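Accompanying notes for the structure given below.
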C-alpha cells in the first residue's frame with residue numbers, strides 16, 4: 001500500500017456515471033495483501049457505477065470527504081462468493097473505532113465487497 005494511505009481511515013472513491021461525470025464518495029477501507037477493500041449496500045449507485053466501469057480514482061480523505069492527499073488510479077473488482085464478501089465486511093468493520101463499530105453491526109445484510117488494485121501496483 002502506498003505511504004499516503006497507510007494512516008488513512010477513509011478514502012474518497014471516485015466512480016463515473018455513464019456520461020463520464022465523476023462522483024466522489026468517502027468509504028471505510030482496509031488493506032490486505034497489497035489490495036484495498038471496501039463494502040457497500042448492494043443496491044447503491046456506487047455499485048451500479050462500478051459494474052459499468054471498474055476504473056476508479058481514490059485519495060485519502062476525512063470522514064466527510066475532505067481530500068487529504070494525492071489522487072491514485074486503480075481498478076475495482078467485485079468480490080464473488082458469500083463467504084468472501086462476509087469476510088471483507090467483517091475485516092473493514094473491525095478497523096472502525098467505538099461508535100463506528102456499532103454502525104457496522106447494521107451493515108451486514110445485502111452488502112457487496114470490492115477489491116481495488118492500484119495502477120502503480122499492476
Which residue pairs have Cβ atoms under 6 Å apart, sit 6 or more places apart or on different chains, and have a first residue in region 29-53 that is in a loop (DSSP other than H, G, I, E, B) and a second that is surrounded by fewer than 18 Cβ atoms within 10 Å (Cβ to Cβ)? 42/110; 53/16
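May I ask you to verify whether residue 63 is part of a strand (DSSP E or B) and surrounded by fewer than 18 Cβ atoms within 10 Å (Cβ to Cβ)?
Working: part of a strand (DSSP E or B): no; surrounded by fewer than 18 Cβ atoms within 10 Å (Cβ to Cβ): yes.
No, not satisfied.
Among the residues of region 1-12, write down those that are assigned to a strand (DSSP E or B) and within 20 Å of residue 87 (Cβ to Cβ). Write out each step before concluding.
Taking region 1-12 first, the residues assigned to a strand (DSSP E or B) are 10-12.
Across region 1-12, the qualifying residue is only 11.
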Looking only at region 108-122, and only at residues there that are under 11 Å from residue 89 (Cβ atoms) and modelled with pLDDT under 65, the one that is surrounded by the most Cβ atoms within 10 Å (Cβ to Cβ): 108
Among the numbered criteria (1) part of a loop (DSSP other than H, G, I, E, B); (2) within 11 Å of the chain's Cα centre (by Cα), which one does residue 19 miss? (2)
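Quickly run through region 72-94 and pick out the residues that are surrounded by fewer than 18 Cβ atoms within 10 Å (Cβ to Cβ), closer than 20 Å to residue 118 by Cα and under 14 Å from the mean Cα position of the chain (by Cα). Steps first, answer last, please.
Our first condition is that a residue be surrounded by fewer than 18 Cβ atoms within 10 Å (Cβ to Cβ); within region 72-94, this holds for 73, 75, 77-78, 80-84, 86-87, 90-91, 94.
Narrowing further to those that are closer than 20 Å to residue 118 by Cα: 73, 75, 77-78, 80, 91.
The answer is 73, 75, 77, 78, 91.
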Could you grab me the full set of residues in region 16-51 that are surrounded by 12 or more Cβ atoms within 10 Å (Cβ to Cβ) and out of contact with any strand residue (DSSP E or B) (no Cβ under 8 Å at 6 or more places or on another chain)? 32, 44, 48
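The values are calculated or read from the model by the stated rules, or taken from the named source; none is laboratory data. From a predicted model like this one, the values you see are computed outputs, not experimental measurements. Counting neighbours? That spans all protein chains shown, and the Cβs are built from the backbone with ideal geometry, glycine included.
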